[in-house]
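A.B. asks: Let me give you the structure first, and then I'll get to my questions.
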Amino acid sequence: MPFEELSKKLAQLMKDTQEIELKDVDLVAEYLEFEMLPQMIASAAQAMGMPAPGVAQWTPAKLKFDINFPGEIETIQFIRSKGKTVTIGGEKSPPFYNFLGLEKRNPNPPAVTYDVFDTIAFSPPKPIKEQYGDVLKSPPEWAKFAVDKFGADLITFHSLSIDPGMGDAPVSKSVKFLEDILQAVNVPVIIGCSGNKKKDIELFEKTAPATESEVLMLSAADKATWEEVIPLAVKYDHNCLLWTSLDLNNQIKMNKDAIELGLPRNRIVMDPTCATLGYGMEYSFSIYQRMRMAGLLGEKDLAYPISGGTTNAWGAREAWMSEKMAPEWGLREYRGPMWEILNALSLTLVGLDLAMMFHPVAAKNVKDITAQFFKEVPKELNEKGYYDWASANLKR
Amino acid sequence: MGKRASPLDIYALLDKSNCKDCGYDTCMAFATDILERKITLDDCTHLNQDPKQAKKLAKLRELTSPPQKPVIIGVGDRKCIVGGEEVLMRHQLTFYNKAGIFIEVPDDMGADLENTIKYLNDVKIERMGDTLTIEGIALRCVSGDVETFKAAAKKITGISGLPIILCCLNPDILLTAAGEIKEKKPLLYAATKETWEKIGTFAAQNSLPVVITSPNMDELISLSATMQKLGVKEIVLDPGTFYGPGSISKTYDDIMRLRTAAIDNDDPNACWPVMGVPASYWTQVDTNGDVVMHQYQEVIMAAIMIAIDTSLIILHTGQKKDEIWGLLALMTLRQSIFADPRIYPTAEPGCFKIGEPGPDAPIFVTSNYRMTKIPVEQDLQGGNIDCWLLVVDSEGIGIESAVAGGQFNGGSIAEAVNEFKVFEKVNHRILIIPGMAARISGTLEDEANCYVLVGPRDSSGIPKFVEELWTPDKYMAEFAERGD
């Protein structure tokens, strides 16, 4: 019988057959290939123009997977001696994973620190000016406003104007501002610098001892200043932000150097540079993700919390440009804060523990949404509410 | 990460003849690009024409098929491929198929339907050399009426080539409309534990992709096994999108669990694209008060989904023109997450002519990060400014980071000035640097022996800057005085 005919006949016989059992059969062959049979049936079925064989039968199955994270990220605290404490880190799972068991749940939501600058000569974007108004002229009032009005848990005070290119203000002025801010608010404060090596070292030399009774953070030690700045954090017991420029290996190296200089593991926060949404954010995204996964898989030299200046989002013209200049992008009032939210939020999904933020509405949204991940899953889900979307009138 | 094949695994199954028919010099080169998904196995004529190679071809197909299968929605130029991913995290390789953004449209819009579809068909944002668009329309059966739903489906396919998801939990209405436009390959939403047989049979017979949905993951996986047995060839998984404290964790966990099971554990039932419906915010949460605040919550959920490589999302916000801010933010995030991490977006360093620069034309300096260079160049061209653009090798890093990191400094700019003989093109020695790089002025003046003018912080300010402040004679006079 020709093959095609045979397979057609076989296919007819085999229609609706799931299994063939051979009884009392002798198979005599030098070489036998069992996979012939299903192939033959399939080809025969095709030859007859039938749809692929389908069986209507409920088939129970279970979702299974196997993943394991043996590492743990350091827990870092910012402590006001007579005020509030903020804790970050301590993760045993990738960000927001809740399905690896209760004991693996991450203990601390990402923290948000609100930016306060010693000058507004750089002209903050209009949506932010509108939120803060006159207090922008006074750093202590600005900090107090952020805490009282917007619920800031942390403040970063940036001394930009000490840079010779930005006014060359004396460091003593920054020390005074910092002391006034610490008087005005009871939340921890991060001490931010200008980017000028000489002045920054001087800034930390003066501010670190002046705030010795607190555990704050020196922000930051970089490749130009680390040899001077890290010992100050060690001596006066502050956290130290170790800042590198989008390079994983440089970050590992600086982390190791800090340990060698005597900085305790629980005083280290990493900043591998936070790039702007739309302008390279994905580099930060992947570096954060690699660092965090490495830390969780047991690489001790990367098992530290990550901080990022998500305020950089406002450098994107999509965030700050007025609708008059860019009508095709919609209202700035909406896209501006959203830009900062997405910049910060997407990075929290890959390991950002501390977001340095600018617009209070953006900061609040990031805090609110990330906090939601740390609540218990309700026992009764409102399933109907979900499936209603397909047929309901949706508000606009 | 699952065991990904190596080029050698592929090479071993090729005929190794180095015949060059495919355009590659060697079978090894062919194997490498197969894994990079630049070409397909169909590009090897030997494999496909020689019956003796059939087994090897089958083996190769198995080796090279991604652990998460791709699903195609729609036909023609705008057909949308979702899923088909090889890795959980973009740095492990790259994400291949960007999250499909589908905008919901109700079937009872009446005369507004046509304008809405036309807007959605054409909406686009040009960004850094890419054209960002949405991928399709999710038509919802709000009328509850089969004729209205069917007519809306026909109307949409008549005026737009955008792929459609037909959304109706009543299988009779769903399948009637699906039958009407089946040659457009709509995605059917959705089969449940109650409706799988009817919908699955129809989908198998008509080769249509189907969404299966359940908030219970074991039930969802069982549905997947069941539908595959029924002969359904393309499946999309919808674990449900739940809002609110704790509920959002379930949403996030389920997407992660499904992706992990598919990609890292080769689960034969989880191996499909995963979708989310941020639009369901509007039926789950009390939406009184400021509507934009609520739109924010929807856009935020969509952003979380895009950031974790969810294959397809359905949005409510974005349907109207004044909601473009939401699409702008989401499509930019998507452009970023789905950029190929193996390619660093640098621009070629050099001194580029913009317009017809004369001897006193200004020279603008920028970095060789592509996302910096392109907008600067566009602003100069758009402002009709005749000038030179000096692109400095900052190792592909943007201005702000490169100033802080030291890649964009007096030394590197001075090098570029020499290398590209910049001052030979003009009769002055003035460089205009970005406002963000103000602090390097001093060192640059010393290193390049020039006068440095600090430009605006953003290149959009250049036209105004040139009009008001470009007085080269004055600066050169100042420069000459300094030299004395």
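Just so it is clear, none of the values below were taken in a lab; they were calculated from the coordinates. Just so we're clear, the structure is a prediction, and the values are computed from it rather than from any experiment. Positions of Cβ are generated from backbone atoms using ideal geometry, with glycine treated the same way; all protein chains shown enter the neighbour counts.
A.B. asks: Quick one: order A:114, A:132, B:96 by neighbouring beta-carbon count within 10 Å, fewest to most.
C.D. replies: So the ranking, lowest neighbour count to highest, is B:96, A:132, A:114.
A.B. asks: A further question follows. For region B:116-148 and region B:66-86, write down the distance between their C-alpha centroids in whole Å.
C.D. replies: Here the two parts' Cα centres lie 18 Å apart.
A.B. asks: Counting only GluC sites (Glu not before Pro) that sit in a DSSP loop (anything but H, G, I, E, B) with at most 15 other Cβ atoms within 10 Å, what is the longest stretch of chain B containing none of them?
C.D. replies: Within chain B, the longest run free of exposed GluC sites (Glu not before Pro) spans B:195-484.
A.B. asks: Could you give the dipole magnitude of the protein assembly as shown about its Cα centre, charging the beta-carbon of Lys and Arg +1 and that of Asp and Glu -1, in debye to the nearest 20?
C.D. replies: The calculated dipole for the protein assembly as shown is roughly 1020 debye.
A.B. asks: Provide the descending list of Cα extents for region A:156-291 along its principal axes, expressed in whole angstroms.
C.D. replies: Cα extents, longest axis first: 39, 34, 29 Å.
A.B. asks: In which sequence would B:470, B:325 go, from the one with the fewest C-beta neighbours within 10 Å to the one with the most?
C.D. replies: B:470, B:325
A.B. asks: Could you pull out the trypsin sites (Lys or Arg not before Pro) across region B:387-472 that fall in loop regions by DSSP (anything but H, G, I, E, B) with no more than 13 other Cβ atoms inside 10 Å?
C.D. replies: Answer in residue order: B:421.
A.B. asks: State the antiparallel share, in %, of DSSP beta bridges confined to region A:58-158, rounding to the nearest 5.
C.D. replies: So the antiparallel bridges in region A:58-158 amount to around 55 percent.
A.B. asks: If you build the Cα gyration tensor of region A:61-109 and take the root of 5 times each eigenvalue, what three semi-axes come out, in whole angstrom, biggest first?
C.D. replies: 31, 10, 6
A.B. asks: A further question follows. Give me a comma-separated list of calculated 3J(HN,Hα) values for region A:337-348, in order, Karplus coefficients 6.51, -1.76, 1.60 applied at θ = phi - 60°, integers in Hz, x for any Gly or Pro.
C.D. replies: With the stated coefficients, region A:337-348 comes to x, 4, 4, 5, 4, 5, 4, 6, 5, 5, 6, 5 Hz.
A.B. asks: Okay, moving on. Loop only by DSSP, 11 or fewer other Cβ within 10 Å of the Cβ. Give me the GluC sites (Glu not before Pro) in region A:314-396 that pass, ordered by residue number.
C.D. replies: A:376, A:380
A.B. asks: A follow-up question, please. If you line up the long axis of helix A:197-210 against the longest principal axis of chain A, both from Cα atoms, how many degrees apart are they, to the nearest 10?
C.D. replies: With rounding to tens, the tilt is 80 degrees.
A.B. asks: Using the Cα gyration tensor of region B:70-337, with a ≥ b ≥ c the square roots of its eigenvalues, what is the shape: rounded (a/c below 1.5), prolate (a/b larger than b/c) or oblate (neither)?
C.D. replies: Because its axes are fairly even, with a/c under 1.5, region B:70-337 counts as rounded.
A.B. asks: Mind checking which lysines have their C-alpha under 17 Å from residue B:421, skipping anything on the same chain fewer than 8 residues away?
C.D. replies: The qualifying lysines are B:353.
A.B. asks: Ok, one more. Antiparallel as a % of all DSSP beta bridges within the protein assembly as shown, to the nearest 5? Mind dumping the intermediate values first?
C.D. replies: Working: 21 of 83 bridges.
Approximately 25 percent, going by the DSSP bridge assignments.
A.B. asks: Hey, what D do you get for region A:75-374 in µm²/s if you plug the Kirkwood alpha-carbon radius into Stokes-Einstein at 10 °C and 1.306 mPa s?
C.D. replies: 82 µm²/s
A.B. asks: Pop out the Kirkwood hydrodynamic radius of region A:250-304 from its pairwise C-alpha distances, inverse of mean 1/r, in Å to one decimal.
C.D. replies: The Cα-based Kirkwood calculation yields 12.0 Å.
A.B. asks: Now for a separate question. Mind checking which lysines have their Cα closer than 27 Å to the Cα of residue A:223? Skip sequence neighbours fewer than 8 apart in that chain.
C.D. replies: A:173, A:197, A:198, A:199, A:206, A:235, A:253, A:256, A:300, B:373
A.B. asks: Okay, moving on. What full-extension length gain, to one decimal in nm, is calculated for residue A:384 and residue A:134 as 0.36 nm per residue of separation minus the Cα-Cα distance?
C.D. replies: This chain segment gains 85.2 nm when fully extended.
A.B. asks: What lysines does residue B:16 reach when the alpha-carbon gap must be under 17 Å and sequence neighbours fewer than 8 apart in one chain are set aside?
C.D. replies: List returned: B:52, B:55, B:56, B:59.
A.B. asks: Any chance you could give the angle, 0 to 90 degrees and rounded to 10, that helix A:171-184 forms with the longest Cα principal axis of chain A?
C.D. replies: 70 degrees
A.B. asks: Residue A:301 to residue A:168: extension gain in nm, 0.36 nm per residue of separation minus the Cα-Cα distance?
C.D. replies: Working: separation 133, 0.36 × 133 = 47.88 nm, distance 3.68 nm.
Value of the extension gain: 44.2 nm.
A.B. asks: Name the residue from B:220, B:275, B:291 whose Cα lies farthest towards the positive end of the charge dipole of region B:70-337, charges +1 on Cβ of Lys and Arg and -1 on Cβ of Asp and Glu.
C.D. replies: B:275
A.B. asks: Exposure proxy check: A:322, B:394 ranked by fewest other beta carbons within 10 Å? If you can, show how the numbers build up before the last one.
C.D. replies: Details: A:322 13, B:394 27.
With the sparsest Cβ surroundings first, the list reads A:322, B:394.
A.B. asks: Ok, one more. Against the globular-protein guess of 2.2 N^0.38 Å, express the Cα radius of gyration of the protein assembly as shown as a ratio, rounded to two decimals.
C.D. replies: With N residues counted in the protein assembly as shown, Rg over 2.2 N^0.38 Å equals 1.05.
A.B. asks: While we're looking at this one, here's another question. Per residue Cα convex hull volume for region B:7-64, in cubic angstrom? Intermediate results must be reported in sequence, preceding the final value.
C.D. replies: Values: hull volume 3.8 nm³, N = 58.
In region B:7-64, the Cα hull volume divided by residue count equals 65 Å³.
A.B. asks: Can you say what percent of the DSSP beta bridges in region B:41-170, counting only those with both residues inside, are antiparallel? Round to 5.
C.D. replies: 45 percent
A.B. asks: Please compute P(r) over all alpha-carbon pairs of chain B, binned at 10 Å starting from zero, and give each bin as a whole-number percent.
C.D. replies: 4, 16, 21, 20, 17, 13, 7, 2, 0, 0
A.B. asks: Could I ask something else about it? Round to the nearest 0.05 the FRET efficiency obtained for residue B:172 and residue B:374 when R0 = 60 Å and r is the Cβ-Cβ distance.
C.D. replies: 0.70
A.B. asks: Then there's this: Once the Cα atoms of helix B:370-382 and of chain B are each reduced to a long axis, what angle between those two axes, in degrees from 0 to 90 to the nearest 10, is obtained?
C.D. replies: Around 70 degrees separate the two axes.
A.B. asks: Under the definition of partner shielding as Cβ atoms of other protein chains within 10 Å of a residue Cβ, what is the mean value for peptide A:367-378?
C.D. replies: Neighbouring Cβ atoms belonging to other protein chains average 5 per residue here.
A.B. asks: Next up: How many angstrom lie between the Cα centre of region B:335-356 and the Cα centre of region B:161-178?
C.D. replies: So the two Cα centres are separated by 42 Å.
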